[in-house]
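First up is the structure itself, then whatever we jot down about it.
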Amino acid sequence: MKRPALISAACLSCATIVPGGALFCPDCGRYALELVRRCPQCGGFIEQPNGDELGCRFCRDKKFAFDAAASPFIYAGAVAKAVTTMKYGPIYRSAVAMGRFLGTHIPDPMRIADRVIFPPMSRMALFLRGFNQAAVLADEVARRGVMLLDTHLLKKVKRTKQQAELSLDERKRNLSGAFALTRPVAGKRFLLIDDVATTLTTANEIATLLKNNGADKVFVLTFARKSLHFD
Ligand SMILES: [Zn+2]
Ligand SMILES: [Zn+2]
């Protein structure tokens, strides 16, 4: 028996049924911006490729502990709506669809990672939301990318505030010492998955912890990336 060639799914932004397994319907698709010109250091959107290998306007004076960061989409329009509805909906199947997409769009240099991880949530946050969206995304990425998902490597050891309401310095203080490792990581290569990256504070905090404990590589892959240009 032939398998059906097309699968249908709900548009991540407006929930209209779209054939062919696309993330967005044609209308919303026009407002889903792919992040095509990426900063070599932070993976953020750059207006003009200016040969400045040191980084973009946001990260030029910063140093990150991770080796590279990338996101297929800019956090704006239909993508921003999709992420917020997925998270606060909460809509589990949207997280699965985003994870599947990410898993088939792992940048080549990141494929050397041998395990997939995600920022853990506190028990209370998990209870309130019902699921850790980053864990769902990471699970799908691991399946598609044929990598090992390490669900218990990181644990949250400090209560933190919602990052969204905080300034860059407050974010750093908020997250400082928030995570701990449950196992040795020396020589290992990690792919950290999340739904959205803004200032990369969370990613950098986790990457610092991993690198300080001897991890070989840490790559960051998020579904969407907030950009100063699209605020
Ligand atoms: Zn739509
Ligand atoms: Zn940058």
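Throughout, read-outs are computed from the coordinates displayed, never taken from laboratory work. In this text, all values refer to a predicted model and were calculated from it rather than measured experimentally. Note that we place each Cβ from the backbone using ideal geometry, even for glycine, and neighbour counts take in every protein chain shown.
Taking the criterion of being within 17 Å of ARG143 (Cβ to Cβ) and surrounded by fewer than 18 Cβ atoms within 10 Å (Cβ to Cβ), the residues of the range 66-114 that qualify are TYR92, ARG93, VAL96, THR104, HIS105, ARG111, ASP114. Identification of helices (runs of 4 or more DSSP H) wholly contained in the range 116-231 with 1 or more residues that are of a type in the set (D, E, K, R) and in contact with a strand residue (DSSP E or B) (Cβ under 7 Å, 6 or more places away or on another chain) yields 133-145, 201-212. Quick check on the range 37-57. Is at least one of its residues of a type in the set (S, T, N, Q) and either within 19 Å of the chain's Cα centre (by Cα) or closer than 18 Å to LEU102 by Cβ (or both)? Checking the range 37-57: at least one residue is of a type in the set (S, T, N, Q) and either within 19 Å of the chain's Cα centre (by Cα) or closer than 18 Å to LEU102 by Cβ (or both).
State whether one or more residues within the range 137-146 are exposed (fewer than 15 other Cβ atoms within 10 Å of the Cβ) and either touching a helix residue (DSSP H, G or I) at 6+ places or on another chain (Cβ under 7 Å) or under 18 Å from VAL116 (Cβ atoms) (or both). Before the answer, list the steps.
Of the range 137-146, the ones exposed (fewer than 15 other Cβ atoms within 10 Å of the Cβ) are 143, 146.
Right, trim to either touching a helix residue (DSSP H, G or I) at 6+ places or on another chain (Cβ under 7 Å) or under 18 Å from VAL116 (Cβ atoms) (or both) and you get 143, 146.
Yes, the range 137-146 contains a residue that is exposed (fewer than 15 other Cβ atoms within 10 Å of the Cβ) and either touching a helix residue (DSSP H, G or I) at 6+ places or on another chain (Cβ under 7 Å) or under 18 Å from VAL116 (Cβ atoms) (or both).
Taking the listed residues ALA15, ALA10, ALA76, ALA69, the one that is in contact with a strand residue (DSSP E or B) (Cβ under 9 Å, 6 or more places away or on another chain), within 30 Å of LEU128 (Cα to Cα) and within 13 Å of ligand 1 (Cβ to nearest atom) is ALA10, with no other qualifying.
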